[in-house]
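Novice: What follows is a single structure, and I will ask about it in a moment.
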């Protein structure tokens, strides 16, 4: 039943990768569930680089706006990523508004980057005491990683009220 | 003295499918295929293609003929052709991409892979498994773990997920 195209001749891996590299990140993250082979393919550093390069060359620029407000509560992260629209007149479609997955990572959200699509941020775990940590944030996969504790004092970042970064 | 290329006869080749059917084609058009180009350089004029069946070869020749007559004025026309060309079943697309890969026709590989990507990007995990004939080798617990890792990707916009394997 169904329309399995694997009628005897499987799609060779290099062609599968050609197809996969053209997919948006969100689809790829879902497709990790397909099989162990696809899970490993999609996770492999070689593929990640291939995918990044492919979309880098075709890329429509995206801009991330960050309204950094020290007085804002932990719940309000005013951040929007806007991409050039395909529609007539452009205008930009907000891709992520108020990213919820960044909540709880500290009021102090100064961002650095992106490098290869990943931002470095400076967060604090506590509002009352200075308990800083560094973290990595990939807006495409929405993965946030806390880095191991460091023992140097980070240089004070240039505090801006609004930051705009080109992705 | 160099002879005028205008008086040169157009060199023809014969392409032979896996089912032994033969098709005549201009060499200048056929060399869009890297594989055929190599064979021509080795002086072949009859090109056996044991990996390509007749039906698929006919489609490929159609593609090469259309793209062989590319000029500045017919770009839109070719774009329309390409759009229609990929309106095929997944089975046909797969046969075509395997043949295009074997024949090293870069623009066609690109077109077909992009068509695949566009058609599968919103499909469900189950549908993809069916289309590609991939058995699920995750245990239910393992699959749940992978799902959790990127829950947002599954949950957001899930009303738009396409479950059909067509």
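Every number here is computed from the coordinates shown, using simple stated rules; none is lab data. Note that this is a predicted model, so its numbers are computed, not measured. Positions of Cβ are backbone-derived with ideal geometry, glycine not excepted, and every protein chain shown enters the neighbour counts.
Novice: On average, how many beta carbons from a partner chain sit within 10 Å of the beta carbon of a residue in B:92-101? Before the final figure, lay out each step's value.
Specialist: Values: counts 1, 1, 7, 3, 0, 6, 6, 0, 1, 5.
Mean partner shielding for this stretch: 3.
Novice: Now a separate question. Express in nm, to one decimal, how much length is gained between residue A:143 and residue A:48 on full extension, taking 0.36 nm for each residue of separation and deducting their alpha carbon distance.
Specialist: Details: separation 95, 0.36 × 95 = 34.20 nm, distance 1.44 nm.
Extra length from residue A:143 to residue A:48 when fully extended: 32.8 nm.
Novice: Against the longest alpha carbon principal axis of chain B, how many degrees, from 0 to 90 and to the nearest 10, is the axis of helix B:75-85 turned?
Specialist: 60
Novice: Label points 7 Å out from Cα along the Cβ direction at residue A:129 and residue B:51: separation in nm?
Specialist: Distance between label points: 6.5 nm.
Novice: What's the angle, to the nearest 10 degrees (0 to 90), between helix B:106-120's Cα axis and the longest principal axis of chain B?
Specialist: 20
Novice: Looking only at B:115, B:100, B:153, which one moves most when chain B is put into a Gaussian network model with springs between Cα atoms under 10 Å?
Specialist: B:153
Novice: Let me ask something else about it. Taking every residue in B:142-152, how many Cβ atoms of other protein chains lie within 10 Å of its Cβ, on average? Walk me through the intermediate numbers first.
Specialist: Details: counts 3, 5, 1, 1, 7, 4, 0, 6, 11, 2, 6.
The shielding value for this peptide is 4.
Novice: Further question on the same structure: Evaluate E = 1/(1 + (r/R0)^6) for residue B:152 and residue B:79, where r is the Cβ-Cβ distance and R0 equals 30 Å; express this FRET efficiency to the nearest 0.05.
Specialist: On the way: r = 35 Å, r/R0 = 1.18.
Computed FRET efficiency for residue B:152 and residue B:79: 0.25.
Novice: How much of the pair distance distribution for the range B:1-81 lies past 16 Å, counting alpha-carbon pairs only, in percent? Working shown, then result.
Specialist: On the way: 1854 of 3240 pairs.
Result for the distance tail: 57 percent.
Novice: What is the diffusion coefficient of chain B in µm²/s, taking the Kirkwood radius over Cα pairs and the Stokes-Einstein relation at 20 °C with a viscosity of 1.002 mPa s? Before the final figure, lay out each step's value.
Specialist: Working: Rh = 18.8 Å.
In µm²/s, the coefficient rounds to 114.
Novice: In nm, give the distance between the simple-model label positions of residue B:12 and residue B:161, each being 7 Å from the Cα along the Cα-to-Cβ direction.
Specialist: The modelled label-to-label distance comes out at 5.5 nm.
Novice: Right, next: Which residue, B:147, B:63, B:102, tops the fluctuation ranking in a GNM of chain B built on C-alpha contacts under 10 Å?
Specialist: Result: B:147 has the largest fluctuation of those listed.
Novice: In square nanometres and to one decimal, what's the mean projected area of the convex hull around the Cα atoms of the range A:13-57? Each step should come with its number before you reach the end.
Specialist: Values: hull surface 11.2 nm².
Here the figure is 2.8 nm², rounded to one decimal.
Novice: Can you give the relative contact order of chain B as a percent, counting alpha carbon pairs under 8 Å and 6+ residues apart? Please report the intermediate quantities before stating the final value.
Specialist: Values: 143 pairs, mean separation 30.5, N = 166.
18 percent.
Novice: Quantify how strongly other chains surround peptide A:140-150 by giving the mean number of their Cβ atoms within 10 Å of each of its Cβ atoms.
Specialist: Values: counts 0, 4, 5, 2, 0, 0, 0, 0, 0, 0, 0.
Mean partner-chain Cβ count within 10 Å for A:140-150: 1.
Novice: Here is a follow-up. I'd like the distance separating the alpha-carbon centroids of the range B:63-137 and the range A:13-52, in whole Å.
Specialist: Taking the Cα centre of each part, the range B:63-137 and the range A:13-52 sit 18 Å apart.
Novice: So how tilted is helix B:140-149 from the main axis of chain B? Cα-based, degrees 0 to 90, rounded to 10.
Specialist: 80
Novice: Taking chain B as a Gaussian network, Cα atoms linked when under 10 Å apart, which of B:14, B:134, B:120 shows the biggest mean-square fluctuation?
Specialist: Between B:14, B:134, B:120, it is B:134 that shows the largest mean-square fluctuation.
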